[in-house]
Amino acid sequence: MFEDYLPLLVILALAVLIGFIVVLLGVLFGPRRPTPRKMAPYESGMVPYGPGRRRMSVRYYLIAVLFILFDIEVVFVVSWAVVLRKLGTLGLLGMLVFLVVLEVAHLYAWKKGALEWD
Amino acid sequence: MVTAAQIWEWVIKSLIIILVLTGGFAYVTLYERKVLARIQARVGPNRAGPFGLLQPVADGIKLIFKEELTPAGADKLLFTLAPVITVIPALVVTAVIPWGESVTLFGKTYTLYLTDVNVAILYIMAVTSISVYGIALAGWSSNNKYATLGGLRATAQMISYELALGLSFVGPILLTGSMSMLEIVRAQQKLWFIFLQPAGFVLFLAASLAEVNRAPFDMPEAEQELTAGYHAEYSGMKFALFFMAEYIKMIAVSMIGATLFLGGYLSPLTMLSGLPVIGWLFASGPHWLFLKVALWLFFMIWVRATLPRIRYDRLMQLGWKIMFPLGLVNVIVTAAVIVLAGG
Amino acid sequence: MPMSYYLILSAAMFAIGVLGVILRRNPLVVFMSLELMFNAANLVFVAFSAYHQILDGDLFVFFVMTTAAAEVAVGLALMVAIFRAKRTIDLDEMSMLKG
Amino acid sequence: MRSDAMNLSDFILTLPIITLLVWALLLLVVDLWVPKGRKGIVAALAALGLAVTMGVTLSQSGGSGLAFQNMIIVDGFAVYLNVLYLVSGLVVVALSHDYLKRMNLERGEFYPLMFFSIAGMMLVTQAYNLIMVFLALEFLSIPLYVLAGLARERPESEESSLKYFLLGTFSSAFVLYGIALIFGATATTSLALIIERVGQGALNLPLFIAGAALMLVGFAFKLAAVPFHEWAPDVYQGAPTPVSSFMAVAVKAAGVAVLLRVFLTAFPSLAAEMAPLGWGIAALTMLIGNLLAIAQTNLKRLLAYSSISHGGYLLMAFVAYGNPQVAGQAVAAMLFYLLAYTLTTFGAWAVVISVEQNDYQGLELDDYAGLGLKYPWLGVAMLVFMLSLTGIPLTMGFWGKLFLFRATVDAGYVELALIGLLSSLISAYYYLRVVVMMFMRSGEPRIRRDGWLSLVAVGSALAVVGLSLLPNQILQMAAQAILSLQ
Amino acid sequence: MIFGLHPLLLVTFLPLIGFFIILFLKAEQKNAIRWTALLTSLATFGVSLAMLALFDPARGDLQLVYRTSWLRVGGISIDFYLGVDGLSILLVMLTTFLTPIAILSTWSAVEERVKGFMAFFLLLETGMIGVFLALDLVLFYIFWEFTLVPMYFLIGVWGGERRVYAAVKFFLFTMFGSLLMLLAILVMGLQVGSFAWNDLLAQRQLFAQTQLWLFLAFALAFAIKVPMFPLHTWLPDAHVEAPTAGSVILAGVLLKMGGYGFLRFNLPLFPEASLQAAPYMAVLAVIGILYGAAVSLMQKDVKKLVAYSSVSHLGFVMLGIFALTQQGLAGGVLQMINHGLSTGALFLIVGMLYERRHTREMSAYGGIWKVMPILGALTLIVMLSSAGLPGLNGFVGEFTILLGAFGSQVLNSPYFAGAATIGVILAAVYLLVMFERVFLGPVRVEANLSLKDLNAREVITLVPLLVLIFWIGLYPAPFFNLINPSVERLVSLVQGAAMLAIH
């Protein structure tokens, strides 16, 4: 069991290593001649205007929140899928109920306009 | 307990995976440019090396020696970390994908996969989610309007499509009764899941394109309005990392898709594997996976060349109002058929 | 590894979480401290699940994660709403209600 | 997998909860198609749903059983409290219909969220497994976080919501960690199995005690017991008033229910260890709740502190839970008290809502000057509630306190009873201030006239006085309810 | 049985009928409300007379007992248990007698919110009668505590300028004591398994060990009510601020509830503790007598004077009770009645003056006799009664008490009675001073010249009181006959305990 996961640690370590090596390459070999112009945020050649980080439409947060909720449900669906054969009809019905509830929530958000992007 | 030999085996296998992916990344860029050029009746890069084969090398070397800028007002630490965070998941996500059953080398049998974990699909879902952090952080840390907006859009888009993506995984799991990728491949011995899960396949195809920000879902880096989106301020090797991450992710989703729906390393023509000399070509093995991935990549490039970009509101609505419900319906129908057909 | 290691680690997580909730003024940090407390409990569940050789604890973690997600949803929504109204979410700035 | 995964009886036993949840979902959907001006339909449907659920619940009275692999229990205790929650729900519908309209808070989520919360309360009362306890606690709390912040344009409302949320989650974490430790100690989360393992001595005792203590602390948070009370006044003040009343009553009842369910079923052996903790919490809650209430001029805060102190009275009887001779008495007394408290508190909140103005003014004590003289019905009703909260005879509150004190004395905690009595005296002072304002000062009070509000206020007042003449029947009900608990 | 109903039930709940009738009358129908209240209270008085007729004065035990199980709390029954004996019957009579008089006195004094006033008044009557009749301790507590609410309102709504302060003080003081009493009731009841008075009495050895604490808890409640020094501070406030009828009932009946409580509960249930505490209680009683009298001397406000004189008079009652002798106890009971009559009458008189001049300062009066001879004459009698002039009721009570205190083995000292005697003298002084300042001499203030003398209603209000004042003063035997058998039982009970304590 546990050994199955160790290789994933190994590859993760390697990936992290490579990621930093690549960054390091750029730092080592790239020239470094900053000027104020260069350092200015890119705005299609215009003089930068206003702060770079601005408040974003609340839609983004809404989507994030909805995602959290619905994504967690997917976790249940996935685990259920593994053992569906053992659960049989009742398992199917149970999930059906679960999904109906989920869909009600989805429809509610939909109808309330939470999914509109304007 | 874990032996040193095992650890070396893992290290070597991991290195192979990473090298194949990075090498693959280099040549997929070339592949894309060539294919695009062909579709648009051009020639494509052909100066560096024969048929332009050294073009990716040249690109890489050029990028190493480029000056890297960190815009004023950026969060230095996050600005540097963001590309690394983006590239790591891309490199490790395919670790659970089997390339074949096993080979015997020097009298020892080696499996053709790094590891076969029983929650492989959860692993994939988890790892792919992490790359969102890199993109969001890149956008935010740049202190640039385009980057911020691009980062946000990318995030919103990726999380929206992750739902459909997750649901599209459920079909194969239901059919297999396991989350192990190896099991899933073996379950396709008789019939690829693309035939049992056509809707799931389509879902996966669309969702995976959105996940890797490919056309027609390449809104986050839309040149015309966002000037490259979240990586607008990146240059040099940091930019290269984003670039790399993007293409490796393309390869990764192709591998995942091929494994889940197209039988992975399985050959459809095993009855021909008895043929002399070329028989091995028809036996299952990594080359089949390679072939399927190449076709999948070709398809992605083809789509890019053909389809126009979707408007952003449409893109979000497609994810939430069509693909997500479709995914639910697909799950229920599949499950119902399985249960009613008696397992 | 002996059970006590897990217990000590989880107790430390829980304690840090409690301290974070009590001492920090930024609700996001408070929020993260809360998640830390939840996950400390999760760690205990998983550890004892393995120790007792039963699956109940692992199962429980699933539910905890789900409820935590539901709380995250509500909590983030609240914070966004408050931030948009007041431009700050510092708990010290919350003085409309006299205590 | 267990072979008996599910069967029909499971669903029959949980039918009230299922009914409520299905109704909530329907409400949620129906509301989307109800035009803005006609939200009364939704309120009526909500009331109907609660009434239907009440019918289903009452049909279970007398029966008992376990459902879903011993996850959920149905017994007299649960039926009694479920009815209490549903009555609370109905009252809140009556209280909020007009309030939401005039405060411009008519949101489709309101009633479904309340339904969810009630379903959570029912679940937490019927939970027979610690997993269920935690889930149900969250299920009842999360909708309340949202309800508390319903009045979005008011910063106070959002603040209260955030505070409630942070501290509520904090307490949940305590409960959860306690459950985790108990799971570690006994290798099970089933209440029945825990007591069995305790009987066999097959457990890790320090871990077990620590777990139970953490759970007690977590529940104390939910009950707003001192020293975990600080959230309550702020939250009650900021939340829309009907929601505050719902929190003050139903949530408190649910907190008591889960406390009793868990501790009586699973931890009777820990009574000796828990008693000092419970003693201290109860004494502090009664005293500090009442002392702090004296300084309040805002009625919502005043009622909040008052409800804190009433939690203390309830906890006072809880301290005796481990003594088998008196536990039954104590629980019956608590159940009786909950009913008395419910009737009284809802009545008082109904009056508060009547006096509250559309701009959220009218909540100060001064706004009550002359109320009893100008609007005698409302004033007398409020008088009855204040007397009942103080515990003056001829009100339900008197019997409630009498039974609680009786159980406490019976268990040998005479000092605790003394503290309780003295804190009642303190409480008399601030309850009387309200009465003084209403009847002995002149002023120009303004009230909102609404039939449903008046119905709740006057109805509760009549019930508080009327039922006090026949406490026996209610006490019998409560006594029957607890038979199953031990 | 009266009209098929038990007389005690009838006498207790008859006022409630009037209460409900008043509830359904319109607030504007002031006279209808007044008449309803008056007739109800008169009817109650009539029923109480019938009760008296059914009462057998020869027996010392409880009579006319009504007992029915009310509710059971965990195996312990709380009964609806009423009964009457020599200790309580006169107090019930006093209540039913004073209530119509008090109602009559408000005819013109209360003009605002008559409905509420009368409703509360009738509620109060039920509560007071209940207190004197209840024999189940929880029931007793319910009635006891319940009397608080109407009185609180009578003071707080219809009272003088500092009425709110006085009302709240009254409420909190009384509640403080009664809560401790509730605790004691619970402790006792749970040990015995019953809250019924005679069950507790029969099995008092069960709580004999803790009886000192229980005694103190009960005594605190009763001492506040009586009020005994130093717990009396609420009384002057309440009296001064209360409306006339409220003061009459407060002085006439409510204070007696404290004395009655001592007699009914403290002495029989905790005899050993009573013996132990008797000297201390007697000391406090004597201090109360002297202190009350001394403070009365200083008063410029008539009503305050009467209020403090109550402290002094009730000191006599307490002294009599804790002399623990036949005479002392009988005198104490009778003196409670006497005080109710004479102080009630004094408050009525103060109210009549106040209604005319809207001041209670003695300096505002003087020479009133000339203007209002009827009032002057009546006041003189009442004042002398209160001062304890032989031939009037006050003398009989105080004299019996002093005799009892002298002969008390428990107190075992003549100084108690001696000091109390000084109180009698002081009472004569302050009452005479008051009478002199208000009624005698020339009319100093212009406004007093035009005062009208008493009208017929006011005379009717006072006359019944005077009749009783003379009756008790001249022929107290029927009253003692009612009291004595019960007192004898009580004394033998306490002395039996004393014997036990000695052996």
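General remarks:
- Residue in the stretch E:299-308 that is touching a Phe, Trp or Tyr at 6+ places or on another chain (Cβ under 7 Å) and over 23 Å from E:P100 (Cα atoms) present: yes
- Considering residues of the stretch B:15-73 that are within 30 Å of B:W99 (Cβ to Cβ) and aromatic (F, W, Y) only, the residue nearest to the other protein chains (Cβ to nearest Cβ): B:F25
- Taken over the stretch A:10-19, the criterion of being over 16 Å from B:I248 (Cβ atoms) and surrounded by fewer than 14 Cβ atoms within 10 Å (Cβ to Cβ) is satisfied by A:A13 alone.
- Condition met for E:M175 (buried (at least 22 other Cβ atoms within 10 Å of the Cβ) and touching a residue at least 40 places away in the same chain (Cβ under 8 Å)): no
- Test: E:L154 is touching a residue at least 40 places away in the same chain (Cβ under 8 Å), in a helix (DSSP H, G or I) and in the same structural domain as E:S194 (by TED's automatic domain parsing): yes
- The stretch E:276-291 residues that are farther than 21 Å from E:W213 by Cβ and modelled with pLDDT of 90 or more, paired with ones that are surrounded by fewer than 22 Cβ atoms within 10 Å (Cβ to Cβ) and of a type in the set (A, V, I, L, M) (beta carbon under 7 Å, 6 or more apart): E:V286/E:A419; E:L290/E:A419; E:L290/E:I422
- D:T169 vs. criteria within 22 Å of C:V44 (Cβ to Cβ), buried (at least 23 other Cβ atoms within 10 Å of the Cβ) and at pLDDT 85 or above: yes
- Here B:L328 meets the list (1) aliphatic (A, V, I, L, M); (2) outside any helix (DSSP H, G or I); (3) within 11 Å of another protein chain (Cβ to nearest Cβ) almost entirely, failing just condition (2).
- Residue match in the stretch E:219-237 (condition: among the small types (G, A, S), in the same structural domain as E:L90 (by TED's automatic domain parsing) and outside any helix (DSSP H, G or I)): no
- Just one of the listed residues (E:E145, E:E112) is out of contact with any helix residue (DSSP H, G or I) (no Cβ under 7 Å at 6 or more places or on another chain) and without any contact (Cβ under 8 Å) to a residue 60 or more places away in the chain, and it is E:E112.
- Inter-residue pairs, beta-carbon under 6 Å, first farther than 16 Å from B:N330 by Cβ and in the stretch A:82-110, second small (G, A, S), 6+ apart: A:R85/B:G177; A:R85/B:G343; A:L90/D:A5
- Within the stretch E:200-229, the set of residues being of a type in the set (K, R) and within 17 Å of the chain's Cα centre (by Cα) comprises E:K225 only.
Here is a yes/no grid of residues against (1) under 17 Å from C:A73 (Cα atoms); (2) touching a strand residue (DSSP E or B) at 6+ places or on another chain (Cβ under 9 Å); (3) modelled with pLDDT under 90:
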| site | (1), (2), (3) |
| --- | --- |
| D:M103 | no, no, yes |
| D:R107 | no, no, yes |
| D:P112 | no, no, no |
| D:I118 | no, no, no |
| D:M122 | no, no, no |
| D:L130 | no, yes, no |
| D:A148 | yes, no, yes |
| D:L162 | yes, no, yes |
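- Verdict on D:I41 being without any contact (Cβ under 8 Å) to a residue 12 or more places away in the chain and part of a helix (DSSP H, G or I): yes
- Residue list for the stretch D:385-420, restricted to those being of a type outside the set (A, V, I, L, M, F, W, C), under 20 Å from D:A275 (Cβ atoms), more than 7 Å from chain E (Cβ to nearest Cβ) and crowded, with 24+ Cβ neighbours inside 10 Å: D:T408, D:Y413, D:G420
- Residues in the stretch E:128-153 that are of a type in the set (V, I, T) and closer than 14 Å to E:S88 by Cα were compared, and the one that is farthest from the other protein chains (Cβ to nearest Cβ) is E:I129.
- Summed over the stretch C:19-57, residues that are exposed (fewer than 15 other Cβ atoms within 10 Å of the Cβ), closer than 16 Å to D:F174 by Cβ and either polar (S, T, N, Q) or facing chain D (nearest Cβ under 8 Å) (or both) total 0.
- Checked against (1) assigned to a helix (DSSP H, G or I); (2) more than 9 Å from every other protein chain (Cβ to nearest Cβ); (3) surrounded by fewer than 24 Cβ atoms within 10 Å (Cβ to Cβ), E:E161 passes all but condition (1).
- Residues in the stretch E:113-125 that are assigned to a helix (DSSP H, G or I) and charged (D, E, K, R) were compared, and the one that is surrounded by the most Cβ atoms within 10 Å (Cβ to Cβ) is E:E125.
- Qualifying positions in the stretch B:305-325 - in a helix (DSSP H, G or I) and more than 8 Å from chain A (Cβ to nearest Cβ): B:A305, B:T306, B:R314, B:L315, B:L318, B:G319, B:I322, B:M323
- Lone unmet requirement of (1) assigned to a helix (DSSP H, G or I); (2) under 26 Å from B:L262 (Cβ atoms) for B:R214: (1)
- Selected residue [of a type in the set (A, V, I, L, M, F, W, C), more than 14 Å from D:L21 (Cβ to Cβ) and in contact with a helix residue (DSSP H, G or I) (Cβ under 7 Å, 6 or more places away or on another chain)] from D:L105, D:L135, D:L90: D:L90
- Comparison of B:I338, B:I332, B:I322 shows that the only residue that is modelled with pLDDT of 85 or more, surrounded by fewer than 20 Cβ atoms within 10 Å (Cβ to Cβ), more than 20 Å from the chain's Cα centre (by Cα) and under 24 Å from B:A258 (Cβ atoms) is B:I338.
- D:L462, sole failed condition from (1) more than 27 Å from D:Y368 (Cα to Cα); (2) at pLDDT 85 or above: (1)
- Residues located in the stretch E:382-402, provided they are among the hydrophobic types (A, V, I, L, M, F, W, C) and surrounded by fewer than 19 Cβ atoms within 10 Å (Cβ to Cβ): E:L389, E:F399
- Scanning the stretch E:192-213 for residues that are under 19 Å from E:S274 (Cβ atoms) and not hydrophobic (A, V, I, L, M, F, W, C) returns E:N198, E:Q203, E:R204, E:Q205, E:Q209, E:T210, E:Q211.
- The single condition among (1) outside any helix (DSSP H, G or I); (2) within 21 Å of the chain's Cα centre (by Cα); (3) at negative phi that D:T188 does not meet is (2).
- Test: residue in the stretch E:33-45 that is buried (at least 23 other Cβ atoms within 10 Å of the Cβ), more than 27 Å from E:P464 (Cβ to Cβ), not assigned by TED's automatic domain parsing to the domain that holds E:Y354 and not hydrophobic (A, V, I, L, M, F, W, C): no
- Residue in the stretch B:99-121 that is assigned to a helix (DSSP H, G or I), over 30 Å from A:S79 (Cβ atoms), more than 13 Å from every other protein chain (Cβ to nearest Cβ) and not aliphatic (A, V, I, L, M) present: no
The values are calculated or read from the model by the stated rules, or taken from the named source; none is laboratory data. All figures in this text were calculated on a predicted structure; none of them were measured in a lab. A quick note on method: Cβ atoms are made from the backbone with ideal geometry, for glycine too, and the neighbour counts reach across all protein chains shown.
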